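The values are calculated or read from the model by the stated rules, or taken from the named source; none is laboratory data. Since the structure is predicted, the reported quantities are computational estimates derived from the model, not experimental observations. Here the Cβ is made from the backbone with ideal geometry for all residues, glycine too, and neighbour counts use every protein chain on show. Each accessible area value is taken on the protein alone, full model and side chains, heavy atoms only, with ligands, DNA and RNA left out. Shrake-Rupley method; radii C 1.70, N 1.55, O 1.52, S 1.80 Å.
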Amino acid sequence: NAGVTQTPKFRILKIGQSMTLQCAQDMNHNYMYWYRQDPGMGLKLIYYSVGAGITDKGEVPNGYNVSRSTTEDFPLRLELAAPSQTSVYFCASSPEGGELFFGEGSRLTVL
Amino acid sequence: AQSVTQLGSHVSVSEGALVLLRCNYSSSVPPYLFWYVQYPNQGLQLLLKYTTGATLVKGINGFEAEFKKSETSFHLTKPSAHMSDAAEYFCAVRFGSSGDKLTFGTGTRLAVRP
């Protein structure tokens, strides 16, 4: 059982470049989330989705976009990367009202 | 505003000693409460959760937590620390008004001394 799979695990970007972080889950969860983790700051919610075709902003959405065309996939798009987006990104999924299951994270550095 | 506070960003205990990690939340309505653990270079794993019912919740690896409504607290404890408990611990809260979103505390890094 793969759970939540994130790719890539590591990436270095130059300022102004764009990229997509991929997230896939095989647990048939309707709810999916993207968080970023910065030292001493805990996890901050970027975007979330309650089902295919439905997305909404979290606490720190600026500079990011998401889409949810299928139940399984929830990619996060970074447009015009900035050093402030250097972080570890976690994707998670959950059944309604249940616990979150996390991927192993994607470490992004913007230089 | 609804918030989650973890007191102490770093806690150090000796092997075999009691582990106590503190978590308080601000909400007038009892929320759902979670503790997650993160080992180096890994994602977060659920330790335990409180939704309804018994206020003392037992989790994996010998950890437990007690929901105290009057104190708006959900502290995590383990009677005897093991070297393998060294990790970062996050308290998370699902507030009633936030749908299924979790709000995380800033984390407590636990070090275990031999």
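Structure data summary
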quantity: Residue A:66 long-range amide H proximity, modeled H, under 5 Å; calculated: A:77
quantity: Heavy-atom accessible surface of the stretch B:24-114: percent carbon and sulfur, 1.4 Å; calculated: 54 percent
quantity: Per residue accessible area in Å² of chain A, where ligands, DNA and RNA are left out and the probe is 1.4 Å; calculated: 48 Å²
quantity: Chain pair A, B: total accessible area buried, heavy atoms, 1.4 Å probe, Å²; calculated: 1500 Å²
quantity: Positive-pole candidate from A:53, A:15, A:33, dipole of the stretch A:1-84, charges at beta carbon; calculated: A:15
quantity: Relative contact order of chain B, defined on C-alpha pairs under 8 angstrom at six or more residues apart (%); calculated: 37 percent
quantity: Cα→Cβ-extended label distance, 7 Å offset, between residue B:41 and residue A:82, nm; calculated: 3.1 nm
quantity: Calculated FRET efficiency for the pair residue A:54/residue B:28, C-beta based, R₀ 25 Å, to 0.05; calculated: 0.30
quantity: Set of lysines with alpha-carbon distance to residue B:101 below 27 Å, sequence-local pairs under 8 removed; calculated: A:9, A:44, A:57, B:49, B:58, B:68, B:69
quantity: Over chain A, relative contact order from alpha-carbon pairs under 8 Å, at least 6 apart, %; calculated: 36 percent
quantity: Within straight-line cross-link reach of residue A:14, aspartates and glutamates at Cα separation under 18 Å, skipping those fewer than 8 residues along the same chain; calculated: A:79
quantity: Selected from B:41, B:24, B:61 as most flexible by GNM, with chain B as the system and alpha-carbon contacts under 10 Å; calculated: B:41
